[in-house]
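The values are calculated or read from the model by the stated rules, or taken from the named source; none is laboratory data. Predicted model, so just to flag it, every value in this text is computed and none were measured. Here Cβ is always computed from backbone atoms with ideal geometry, including for glycine, and neighbour counts include all displayed protein chains.
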Amino acid sequence: MSTSPEAPVKRVRLSPDERKTQLITLGVKMLGERAIEDISVSEIAAQAGISRGLLFHYFPTKQDFQLEVVRHANAELLARVVPDPTLSLVDMLRDSVGRYIDYVSENRTSYLALLRGPASSSPELAAMVEQTRHAIVDIILTQVPLSPEEREQPRLVLVVRGWVAFTEETTLSWLRGESISRDELIELLVESLLALSMAVNPALAAALRA
């Protein structure tokens, strides 16, 4: 019994900006299922209903496309962890940490690959990851009840950067086995920041726990 071939994807006319956004969106969706180096530009083009050559009209190389996909994914992560100002400081932290873990869980393959896989050796991708870390540090320091000068104290900045690294590594380890529950992981990460803040600024630690 013969089967009819699949109908080709109907090509939709879009403006250059709309087409570029469509391709990046498709790339981000694929990034949720596979590592950045495994994203197929041919599959992306097919899903968009365009030729592979046209995709390279918008992105000169595959790496250019990958960088845009990762940039968009990082922006999604940062948007996900924006603190809820209606909550108390400690609940704000707990909520943001929970949403960070949820985002990473939903994108575990790409997250693991980006930080520990072949893609992590790319200077351009590594720079994007570092920019995201800096942005998370800024988000945290913006919320703490300190003066601008106090927020820039080297010890405090170093502690928050260290906590972000700890959170990253702990979450990576948790993703490999989930040896504790999601809620236990959240509390571990929240309590670790509170403990570190006590070491550099007891008043800040007290304010966070209030």
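The listed residues are ALA119, ALA165, ALA127, ALA113, and the only one of them that is modelled with pLDDT under 90 and exposed (fewer than 15 other Cβ atoms within 10 Å of the Cβ) turns out to be ALA127. Scanning region 123-152 for residues that are in contact (Cβ under 8 Å) with a residue 60 or more places away in the chain, closer than 14 Å to SER197 by Cα and among the charged types (D, E, K, R) gives no hits. I'd like to check something: does region 181-194 contain any residue that is at pLDDT below 95, of a type in the set (Lys, Arg) and either exposed (fewer than 14 other Cβ atoms within 10 Å of the Cβ) or assigned to a helix (DSSP H, G or I) (or both)? Checked against the condition, which is being at pLDDT below 95, of a type in the set (Lys, Arg) and either exposed (fewer than 14 other Cβ atoms within 10 Å of the Cβ) or assigned to a helix (DSSP H, G or I) (or both), region 181-194 yields no hits at all.
Taking GLU178 as the residue in question, decide whether it is modelled with pLDDT under 90, more than 22 Å from the chain's Cα centre (by Cα) and loosely packed, with under 15 Cβ neighbours inside 10 Å. No, not satisfied.
For GLN63, the conditions (1) in a helix (DSSP H, G or I); (2) without any contact (Cβ under 8 Å) to a residue 24 or more places away in the chain; (3) more than 27 Å from ALA205 (Cα to Cα) are fulfilled apart from (2). Taking region 68-154 and the helices (runs of 4 or more DSSP H) fully enclosed by it, the elements with 1 or more residues that are under 18 Å from ALA207 (Cα atoms) and touching a helix residue (DSSP H, G or I) at 6+ places or on another chain (Cβ under 9 Å) are at 89-106, 123-143, 148-151.
The set of residues in region 91-103 that are within 23 Å of MET198 (Cα to Cα) and either hydroxyl-bearing (Ser, Thr, Tyr) or touching a Lys or Arg at 6+ places or on another chain (Cβ under 6 Å) (or both) contains only SER96. The residue that is surrounded by the fewest Cβ atoms within 10 Å (Cβ to Cβ), counting only those in region 13-63 that are over 18 Å from the mean Cα position of the chain (by Cα) and β-branched (Val, Ile, Thr), is THR61.
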